[in-house]
Amino acid sequence: MSLRNALLGLLVFRPGSGYDLLKMFDTSLGYVWPAKQSQIYGELTKLDATGLIKVTEEGPRGRKQYSLTPEGHAETVRWLTESRESRPQRNPMLLQTFFLGLLPRDEAVQRLLDHAEASAKEHDTLVALRDTEDWDKDMLTVCGRLVLEHGIRQRVLEQEWARWAADQLRAGHAVDPAGGPTGAPSKETGAEEPSTTDTPDTQLETQSPGRTS
């Protein structure tokens with residue numbers, strides 16, 4: 001998926017200006033495919049140049065309204081129907097989690113708890129959006145509701161995982177590279193160490209055959 005596909009998809013449902021499309025990103029697609037104003041306007045210019053969209057109206061202060069061309073509609077359908085191999089998604093949080101063992105344990109645990117708290121706040125924001133919008137206006141909003149629900153459930157999953165992961169670190173027996181052993185079992189005071197001195201029997205076994213003392 002790309003910003004190009006997202007803009008073409010939005011214009012299937014209704015014409016819109018760059019500002020209109022930016023608002024739609026902020027309230028829906030921004031949670032799955034965020035884009036800045038400069039990126040949206042730049043991509044619209046490219047799509048217009050390739051003939052996938054066209055300017056249907058111009059207003060004050062350079063405002064342009066875009067609509068989809070037949071070629072743009074065909075490209076959108078092609079993108080939706082073509083088969084693609086599933087590719088792993090990049091996740092900066094999980095990449096950092098892979099190396100949390102390089103931090104002091106308390107700090108590593110706190111980073112996971114911070115992630116849980118951030119996910120909880122994002123969850124509340126998405127729920128508030130779900131409860132204040134009308135999601136039955138058209139197929140665009142109906143499908144937008146499906147995407148929003150994925151985001152809500154994903155945040156619940158992330159909260160549960162982050163708290164579980166923090167508990168795992170607390171209970172672990174790893175060595176803290178910054179502060180020395182934090183959970184590794186220590187040696188008992190006075191425990192006997194294995195002797196490295198050869199016993200008389202061992203000395204006899206290592207003597208050459210036929211040699212007498």
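The values are calculated or read from the model by the stated rules, or taken from the named source; none is laboratory data. Given the structure is predicted, the values throughout are model-derived calculations rather than measurements. Ideal geometry is used to build each Cβ from the backbone, glycine not excepted, and the neighbour counts take in all protein chains shown. The protein model used for the area step is the full one, side chains on, heavy atoms only, and it has no ligands, DNA or RNA in it. Shrake-Rupley method; radii C 1.70, N 1.55, O 1.52, S 1.80 Å.
Just checking, which of Thr189, Thr197, Thr125, Thr202 is modelled with pLDDT under 50, open to solvent by less than 100 Å² (accessible area, probe 1.4 Å), out of contact with any strand residue (DSSP E or B) (no Cβ under 8 Å at 6 or more places or on another chain) and not aliphatic (A, V, I, L, M)?
Thr202
Quickly run through the range 65-102 and pick out the residues that are assigned to a loop (DSSP other than H, G, I, E, B) and farther than 19 Å from Leu7 by Cα.
Ser83, Arg84, Glu85, Ser86, Arg87, Pro88, Gln89, Arg90, Asn91, Phe99
When you scan the range 124-162, how many residues do you find that are free of Cβ contacts under 8 Å to residues at least 24 places away in the same chain and either small (Gly, Ala, Ser) or in contact with a Gly (Cβ under 9 Å, 6 or more places away or on another chain) (or both)?
So the count comes out to 2.
Could you check Ala116 against (1) of a type in the set (Gly, Ala, Ser); (2) assigned to a helix (DSSP H, G or I); (3) open to solvent by 70 Å² or more (accessible area, probe 1.4 Å) and say which number it fails?
With respect to (1) of a type in the set (Gly, Ala, Ser); (2) assigned to a helix (DSSP H, G or I); (3) open to solvent by 70 Å² or more (accessible area, probe 1.4 Å), Ala116 is out only on (3).
Go through (1) surrounded by 11 or more Cβ atoms within 10 Å (Cβ to Cβ); (2) closer than 30 Å to Val156 by Cα; (3) out of contact with any Pro (no Cβ under 9 Å at 6 or more places or on another chain) and name the single condition Asp136 misses.
Result: Asp136 fails condition (1) only.
In the range 13-60, what residues are touching a strand residue (DSSP E or B) at 6+ places or on another chain (Cβ under 6 Å) and closer than 24 Å to Leu146 by Cα?
The one that is touching a strand residue (DSSP E or B) at 6+ places or on another chain (Cβ under 6 Å) and closer than 24 Å to Leu146 by Cα: Pro15.
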